[in-house]
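The next block holds one structure in the form of structure tokens; read it before the comments.
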Amino acid sequence: MIRAEFAAALANVDAIVAPTVPIGAPAIGQPTVRLGRDEESVRSALIRLNRPANIAGLPSLTVPCGFDADGLPVAVQFVGRASSEAMLLQVADLYLRNSGGTFRRPTAV
């Protein structure tokens, strides 16, 4: 079912662009995080948006895209069809070249 959903979503596009994680970087040792009204484990939050492509066996890659309200880096992921790694690298390269210079050292926290 997941593969079919991805196939439909990728039918007319080269890649899906999605957030990499739904949270900013957690403190070292932080066991849980609040997402809206719900609390979940940090590990679960950190892998939840990567898991679907992994389960479907599709290539994906993550690149930096900016900073959160605390000044910590955030990223975006590109997901492609099976065996589209070379194309995903080209998409990521184009994005990075045209992203408007969002790359700097994060502020100390």
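The values are calculated or read from the model by the stated rules, or taken from the named source; none is laboratory data. Just so you know, these numbers come straight off a predicted model, no measurement behind them. Here Cβ is always computed from backbone atoms with ideal geometry, including for glycine, and neighbour counts include all displayed protein chains.
So, in segment 4-16, of the ones that are surrounded by 13 or more Cβ atoms within 10 Å (Cβ to Cβ) and at pLDDT 95 or above, which residue ends up farthest from V74 (Cα to Cα)?
Filtering first and then ranking leaves A7.
Does V63 fit the bill of being surrounded by 13 or more Cβ atoms within 10 Å (Cβ to Cβ), free of Cβ contacts under 8 Å to residues at least 40 places away in the same chain and either over 16 Å from S84 (Cβ atoms) or not small (G, A, S) (or both)?
Considered against the rule, which asks whether it is surrounded by 13 or more Cβ atoms within 10 Å (Cβ to Cβ), free of Cβ contacts under 8 Å to residues at least 40 places away in the same chain and either over 16 Å from S84 (Cβ atoms) or not small (G, A, S) (or both), V63 comes out as yes.
Just to be sure I understand, how many residues within segment 56-70 are more than 13 Å from the chain's Cα centre (by Cα) and modelled with pLDDT under 95?
Qualifying residue count, segment 56-70: 4.
Would a scan of segment 21-42 turn up a residue that is touching a Phe, Trp or Tyr at 6+ places or on another chain (Cβ under 9 Å) and closer than 24 Å to M1 by Cβ?
Checking segment 21-42: not a single residue is touching a Phe, Trp or Tyr at 6+ places or on another chain (Cβ under 9 Å) and closer than 24 Å to M1 by Cβ.
Among V79, V17, V91, V13, which is the only one that is free of Cβ contacts under 8 Å to residues at least 24 places away in the same chain and among the β-branched types (V, I, T)?
V13
Is one or more of the residues making up segment 93-100 modelled with pLDDT under 95 and polar (S, T, N, Q)?
The answer is yes, given that some residue of segment 93-100 is modelled with pLDDT under 95 and polar (S, T, N, Q).
Sort out which residues of segment 1-51 are of a type outside the set (S, T, Y) and assigned to a strand (DSSP E or B), and write them in order of number.
I16, V17, A18, P19, V33, R34, L35, D38, E39, E40
Determine whether L61 is in contact with a helix residue (DSSP H, G or I) (Cβ under 9 Å, 6 or more places away or on another chain), under 29 Å from M1 (Cα atoms) and of a type outside the set (K, R).
Spelling it out, L61 is indeed in contact with a helix residue (DSSP H, G or I) (Cβ under 9 Å, 6 or more places away or on another chain), under 29 Å from M1 (Cα atoms) and of a type outside the set (K, R).
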